[in-house]
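**Student:** If you scroll down you'll find the structure; I have some questions about it.
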Amino acid sequence: MSVRRVLLAGFMVGRKDIAVFWWNWKLWLTTWILRIVTSAATWILLGRLIGSEERVFFLLIGNAVIVGPQAAGWVVASSTWDRFEGTYPMLVAAPTSLAPAMIGRTSIWLINGVLTSLATFAILVALFRFPLRMPDALFAPLIVAVVCASSYGFSLFIGSFVIRIPSTRNIAHNLATTMLTAFCGVSVPVAFWPRWIQTITTILPVTHGLQSMRLLLGGGPPSAIVEGVLLEAAVGLTWLTLGVLTMDRMADRGRRDGSIEFV
Amino acid sequence: MTFAIQTRGLGRVYKSVQKGTGDITALADVSMDIEVGEVRGLLGPNGAGKTTLVKILSTVLLPTSGTASVLGHDVERETAAVRPLIGIVFGGDRGVYWHLTGRQNLEYWAALYSVPAGETAHRISKLLERVGLGERADHLVETYSRGMKQRLHLARGLVGGARILFLDEPTIGMDPLAARDFRKLVQELRAEGKTILLTTHDMAEAESVCDRVALIDHGRVIAVETPRTLSRLITQYERVDFECNRAEIVEALRAIPGVASVVSLPEERNYRIDLSEESATRTVLEKLIAAGVTSIRTSRPSLEEVYVHIIGDRGLKIR
């Protein structure tokens, strides 16, 4: 079995999934991005109303980055689509492990996340005349990609559970996104929360990457930036590995309890 | 001898999830041998256990008792060996990706079944032509009719080179013409030596394509016979329909040994004799001819009659 081939074949299915939402990039830009930018801009305007440029800096970076993980979070819901389409039992019965097919199909949401975050960043920077430190800012897309990939791994892990109970997909997606948005330093510093929540955020995606992004655009030490990016990648890789392992486990549980239906 | 499919004491019990309700036995003590190249029908009402059996054999469900093997590989312990050998096709609209074209659907499944990349395009084109979708291969599946989707299902089941096909109610919802074409395809596959397990509650389907039919109900296999032999279970032997306006002849026929029953048919002066002994056929026919009756027809009961007789006239009830 060629994992790469299955990933690509799955990606072909995912590409068609996203085309159901936005038929072309113009539609994506004028509906999805417009909505995301409007929402993010509201937070930044709040910072401006307070009259603090430091707040504006904090909110702009936080809100431009988080829209990526939020968009990548659609992985949770899309993990269940094979159940609704009736293709899940055939995926389970196929000689290939479920994971490559699922990752292939859902990875389109990772790409959507990265592009959403970058587009939002670009628009917000222009809109609020946000000064970018060059050439440091050229590394920003890399951090965005790592944060989105890390969140993708986290969402895939949640998705691997949700596959068993597809009716919970939207609840799980919303809870996960809310948790990342609220606790991982997007609009409120992580230090604001009680110690135990702070501890939890260290194993959640976004936290370390967002910190690195702020350091990068604020002129922080390169070692701290790299450390944050590596931590973010490690967190994402851990969640992704757990997701991959859980996916086949969940299929096995479905085989045991008879919850995999043919239609 | 290695059977295509072999089960021994196979059973599946679902644990009750509601208080006060007992466990549900979906399959109980099923033992069957299906030879390579055979088309075996599984005939039974809704909830009889047909799909449960197919699910177990296709590694989507684990049994709670007994064993099952596919071409000598245990479905529970050797799933990796079983899966490349089988293809699942089920009826209805789902099970294919509507937003992809027919060809893209098959490309996806070809990748999952590790069909060599160099061979994929040719195999898919050939399959699509074969199932009559060659001209619509690059159209989105959402534009396909139900019959076309079903043919694509079959092509999907075959794309990985399956030697055993599980067809779970494949013609459900199809119009008669599409169903006829689909059965023709199944017959072609049989001619190629594919082993097919077909679940259905369509008698005509079972009669037209199956070598043998297993009647299944309440999770148990009641009988496994050829469609023709199974038919004999009701009247044992032949049945004679005739037209006659003389009551004394009808009465005389009733007295012949081996005549199980003589009943009036809805058409005036038409009767049906069900025979319980083969030797009675000749006697009955001689008697009718001697009495000057010329409108005589002999037949065997349809599988539907066997089905209703054995499983019982349950109507729409599902246990």
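**Student:** What are the residues whose amide H is under 5 Å from the amide H of B:Glu38, where those residues sit 5 or more places off or on another chain and H is modelled from the backbone?
**Tutor:** Counting only residues 5 or more places away or on other chains, the set is B:Ile196.
**Student:** Debye sum, Cα scatterers, segment A:191-252, no solvent: what log₁₀ I/I(0) at q = 0.13, 0.29 1/Å?
**Tutor:** -0.45, -1.09
**Student:** In debye, nearest 20, what is the charge dipole magnitude of the protein assembly as shown about its Cα centre with +1 on Lys and Arg Cβ and -1 on Asp and Glu Cβ, if you could check?
**Tutor:** Value, rounded to 20: 1460 debye.
**Student:** Let me ask another. Taking amide H atoms as placed 1.01 Å from N in the peptide plane, list the residues 5 or more away in sequence, or in a different chain, whose amide H sits under 5 Å from that of B:Ala260.
**Tutor:** Amide H neighbours of B:Ala260: B:Asp274, B:Leu275, B:Ser276.
**Student:** Assuming a ≥ b ≥ c are the square roots of the Cα gyration tensor eigenvalues, decide whether segment B:78-133 counts as rounded (a/c under 1.5), prolate (otherwise, with a/b larger than b/c) or oblate.
**Tutor:** It is oblate, given that a/c is not under 1.5 and a/b is not larger than b/c.
**Student:** Still on this structure, please answer the following. Looking at segment A:166-263, which GluC sites (Glu not before Pro) are in a loop (DSSP not H, G, I, E or B) and have at most 16 other Cβ atoms within 10 Å?
**Tutor:** Answer in residue order: A:Glu261.
**Student:** For chain B, give me the percentage of DSSP beta bridges that are antiparallel, rounded to the nearest 5 percent.
**Tutor:** DSSP beta bridges in chain B are roughly 65 percent antiparallel.
**Student:** Please get the size of the charge dipole for segment A:16-162, origin at its Cα centre, with Cβ charges of +1 on Lys and Arg and -1 on Asp and Glu, quoted in debye to the nearest 20.
**Tutor:** 240 debye
**Student:** Give me a comma-separated list of calculated 3J(HN,Hα) values for segment A:92-99, in order, Karplus coefficients 6.51, -1.76, 1.60 applied at θ = phi - 60°, integers in Hz, x for any Gly or Pro.
**Tutor:** Working through the residues one at a time gives 5, 7, 6, x, 8, 5, 5, 4 Hz.
**Student:** Let's test the formula: R0 of 30 Å, r as the Cβ-Cβ distance of A:Arg256 and B:Glu135. What FRET efficiency results, to the nearest 0.05?
**Tutor:** Working from the Cβ atoms, E equals 0.10.
**Student:** I've got another one for you. If I fit a long axis through the Cα atoms of helix A:169-183 and take the longest principal axis of the Cα atoms of chain A, what angle between them do I get, 0 to 90°, rounded to 10?
**Tutor:** Approximately 30 degrees, to the nearest ten.
**Student:** Does chain B classify as rounded, prolate or oblate by the C-alpha gyration tensor (a ≥ b ≥ c root eigenvalues; a/c under 1.5 gives rounded; else a/b over b/c gives prolate, otherwise oblate)?
**Tutor:** Prolate is the answer for chain B, as a/c is 1.5 or above and a/b outweighs b/c.
**Student:** Taking GluC sites (Glu not before Pro) as exposed when DSSP calls them loop (any state but H, G, I, E, B) and at most 13 other Cβ atoms lie within 10 Å, what is the longest stretch of chain B free of them, the sites themselves excluded?
**Tutor:** B:1-191
**Student:** Here's a follow-up. When the chain is fully extended, how far beyond the present Cα-Cα distance does A:Ala234 get from A:Arg129, taking 0.36 nm per residue of separation?
**Tutor:** Working it through step by step, the gained length comes to 34.4 nm.
**Student:** Modelling each spin label as a point 7 Å along the Cα-to-Cβ direction, I'd like the A:Ile50/A:Ile200 distance in nm, to one decimal.
**Tutor:** With each label placed 7 Å out from Cα toward Cβ, I get 2.3 nm.
**Student:** Another question, then. Using +1 at the C-beta of Lys and Arg and -1 at the C-beta of Asp and Glu, which of B:Gln18, B:Ala162, B:Leu127 has the Cα lying farthest in the positive direction of the dipole of segment B:5-228?
**Tutor:** Towards the positive end, the residue furthest out is B:Gln18.
**Student:** Nearest 5 is fine: what % of DSSP beta bridges in the protein assembly as shown come out antiparallel, could you say?
**Tutor:** Rounded to the nearest five, the antiparallel share is 65 percent.
**Student:** Now, a different point. Here is the link list: B:Lys55/B:Lys149; B:Lys55/B:Lys126; B:Lys15/B:Lys194; B:Lys50/B:Lys126. Which ones come out longer than 24 Å on Cα distance?
**Tutor:** The answer is B:Lys55/B:Lys126; B:Lys15/B:Lys194; B:Lys50/B:Lys126.
**Student:** About the Cα centre of segment B:239-299, what is the dipole size in debye to 20, counting +1 per Lys and Arg Cβ and -1 per Asp and Glu Cβ, all else neutral?
**Tutor:** The dipole magnitude comes to about 60 debye.
**Student:** Under 5 Å between amide hydrogens, which residues at least 5 positions from B:Ile216 or on another chain qualify, with H placed 1.01 Å from N in the peptide plane?
**Tutor:** B:Leu43, B:Gly44, B:Ile222
Just so you know, all these numbers are worked out from the coordinates, no wet-lab data involved. Every value quoted in this text rests on a predicted model; they were computed, and no experiment measured them. We place every Cβ from the backbone using ideal geometry, glycine too, and count neighbours over all the protein chains shown.
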